[in-house]
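Report on the structure given below.
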Amino acid sequence: IDKTRGTERAKRVEVLSPSIARRTRRILALQEKGKAKMRELAVIIADIGDELIAVKAELDRGKDKTAWIRWLEEHVHYTRRSAVNYMSVARLRKENGKTFSHFRDMDASCLYRVACLPEKCCKDLKPETKLTDPKTGETKPMKEMSARQLDRALDKLEGKKVETAPPT
């Protein structure tokens, strides 16, 4: 939490009418509560991923190579893509806890996307890291990017072919 920004916000709130000031403080408190829930959700996602990794390892030792997919669909009702996302987050937490802790406050889709990056691409990333959307040429912090902008910027970071901004 940026204490300086919070103090500045609090000062600005005080100049509003008492009713609006009260509602503004409530909204800011709810935003903080939401961030705490997102951190909690990230840990739950990683915990589920750990369990999925363990079940997959056990089922893959058997002769039936489709057992894992059937178990996913019949018992926990996850798609293969969802399971991969959860397991990727679990691996990120285990192998690169620093990056996990940086992104656990962000939307789950961002966490999934970062977790699927190769280690060399994600090890120095933070929500404040500025990336360029190759389609628009716009540069801004990851935490301010839409899901599509983030996908394009991370694809470029990985070296994938992406649509680029037209020359100016």
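The values are calculated or read from the model by the stated rules, or taken from the named source; none is laboratory data. The structure presented is a predicted model; accordingly, all values stated were derived computationally and were not measured. When we count neighbours, we look across all protein chains shown, and the Cβ atoms used for this are built from the backbone with ideal geometry, even at glycine. Just so you know, the surface numbers come from the protein's heavy atoms only, side chains and all, with ligands and any DNA or RNA stripped out. Shrake-Rupley method; radii C 1.70, N 1.55, O 1.52, S 1.80 Å.
Quick notes on this structure:
- Each residue in region 144-163 was checked for being touching a residue at least 24 places away in the same chain (Cβ under 8 Å), open to solvent by 100 Å² or more (accessible area, probe 1.4 Å) and assigned to a helix (DSSP H, G or I), and 1 pass.
- The condition (being among the hydrophobic types (A, V, I, L, M, F, W, C) and not in a helix (DSSP H, G or I)) is satisfied by just one residue among LEU131, LEU111, LEU59: LEU131.
- VAL84 at pLDDT 90 or above, surrounded by 19 or more Cβ atoms within 10 Å (Cβ to Cβ) and of a type outside the set (S, T, N, Q): no
- Residue check for ALA54: small (Gly, Ala, Ser), in a helix (DSSP H, G or I) and open to solvent by less than 50 Å² (accessible area, probe 1.4 Å): no
- Pairs, first more than 26 Å from CYS110 (Cβ to Cβ) in region 20-42, second open to solvent by less than 90 Å² (accessible area, probe 1.4 Å), C-beta under 7 Å, six or more apart: ALA21/VAL13; THR24/VAL13; THR24/LEU16; ARG25/VAL13
- Residue within region 63-81 that is at positive phi, surrounded by fewer than 18 Cβ atoms within 10 Å (Cβ to Cβ) and not polar (S, T, N, Q) present: yes
- Scanning region 87-132 for residues that are of a type in the set (A, V, I, L, M, F, W, C) and open to solvent by 40 Å² or more (accessible area, probe 1.4 Å) yields a count of 1.
- One residue from PRO127, PRO141, PRO134 being over 20 Å from ALA36 (Cα atoms), touching an Asp or Glu at 6+ places or on another chain (Cβ under 9 Å) and in contact (Cβ under 8 Å) with a residue 24 or more places away in the chain: PRO134
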